[in-house]
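Peer 1: This is the structure, below, for whatever I ask next.
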Amino acid sequence: MIASLELPATLPTRIGDLTLRRAQHEDLDTLMRLLADDPISAGRGDQAAAADVDRYDAALTDLIKDPSNEMLLVISGSGDPMATMQLTRIPGLTRRGSTRLLIEAVRVSSARRSSGIGSAMMTWVVDVAAPATGASLVQLTSDDARGDAHRFYERLGFVASHRGFKYQLAAPPTSA
C-alpha cells in the first residue's frame, strides 16, 4: 500500500463516474478474469484457471503487504469490475535521486474498452498518484504486439524513449 495515495478516488469517464480503489483478497477472481480478458496475457498463461488460484492469491498477498505497491481496481457504481492496474513506487539514484512510479498490468474489460476508462486511469496516475508518491517520472512497459496501446499511451503524452528486455526464468514451484 502506498500510504500517500488517498483512495478510493472518483474517475470521470464517458460512461459516468467510476470508483478506483485498492484491490482486496475478495477481488481475486475479478482480477484473474480481467488479466485473462486479453489475448496476449492469456497466451502467457493468465487464463483465470482454478488451478492457478493459489499462485495468484500468494502474489496478491505480497502486493497488498508491500508498502511500495498498489493493486487497484476500477468499479462501477453497482460494483461491476471495469479495469485494473498495478503501481510500484521505485526510489532511485538516477536522474539526481528521482523516484519513479511504474504502471503495470493495465487491463480494461474488453466490454468497456474505448469508454474513457484507460484515459481516466492514466490521468489519475499522472495528476494524482505521481505527485502524492513523490515521483518525478511515470513509466510503463507495453508488449511490442500492442500497437493500439502504444498509440493510446503516446496520445496521452507518454514517450517511447527506451527499449525493454526480459529474461524468462522457470516459474517457481507452487506450494502444496
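A short reminder: the numbers here are calculations on the coordinates, not readings from a lab. All values derive from a computational prediction rather than experimental measurement. Here the Cβ is made from the backbone with ideal geometry for all residues, glycine too, and neighbour counts use every protein chain on show.
Peer 1: Identify the residue in region 128-139 that is surrounded by fewer than 18 Cβ atoms within 10 Å (Cβ to Cβ) and not in a helix (DSSP H, G or I) and, among all such residues, is nearest to the chain's Cα centre (by Cα).
Peer 2: Only one residue tops the list, namely GLN139.
Peer 1: Now, a different point. Among residues belonging to region 1-32 that are crowded, with 16+ Cβ neighbours inside 10 Å and of a type in the set (D, E, K, R), point out the one that is farthest from PRO131 (Cα to Cα).
Peer 2: The selected residue is ASP27.
Peer 1: What tally of residues in region 76-127 results from selecting those that are out of contact with any Leu (no Cβ under 8 Å at 6 or more places or on another chain), in a helix (DSSP H, G or I), surrounded by fewer than 18 Cβ atoms within 10 Å (Cβ to Cβ) and of a type outside the set (Val, Ile, Thr)?
Peer 2: 5
Peer 1: Being more than 25 Å from THR30 (Cα to Cα) and aliphatic (A, V, I, L, M) is true for just one of ALA105, ALA145, ALA129, ALA170. Which residue is that?
Peer 2: Just a single option satisfies the conditions, and that option is ALA170.
Peer 1: How many residues, within region 13-69, are in contact with a strand residue (DSSP E or B) (Cβ under 6 Å, 6 or more places away or on another chain) and among the hydroxyl-bearing types (Ser, Thr, Tyr)?
Peer 2: Summing the residues that are in contact with a strand residue (DSSP E or B) (Cβ under 6 Å, 6 or more places away or on another chain) and among the hydroxyl-bearing types (Ser, Thr, Tyr) in region 13-69 gives 3.
Peer 1: Name the one entry in ASP52, ASP46, ASP80 that is out of contact with any Ser or Thr (no Cβ under 7 Å at 6 or more places or on another chain) and within 20 Å of SER115 (Cβ to Cβ).
Peer 2: The unique qualifying residue is ASP80.
Peer 1: Please go through region 8-66 and pick out each residue that is part of a loop (DSSP other than H, G, I, E, B) and either closer than 14 Å to GLN86 by Cα or touching a helix residue (DSSP H, G or I) at 6+ places or on another chain (Cβ under 9 Å) (or both).
Peer 2: ARG14, ILE15, ALA23, GLN24, ASP37, ASP38, GLY45, ASP46, GLN47, ALA48, ALA49, ASP66 - these are the residues of region 8-66 that are part of a loop (DSSP other than H, G, I, E, B) and either closer than 14 Å to GLN86 by Cα or touching a helix residue (DSSP H, G or I) at 6+ places or on another chain (Cβ under 9 Å) (or both).
Peer 1: Please verify whether GLN24 is of a type outside the set (A, V, I, L, M), farther than 17 Å from VAL106 by Cβ and without any contact (Cβ under 8 Å) to a residue 12 or more places away in the chain, treating the condition exactly as stated.
Peer 2: No.
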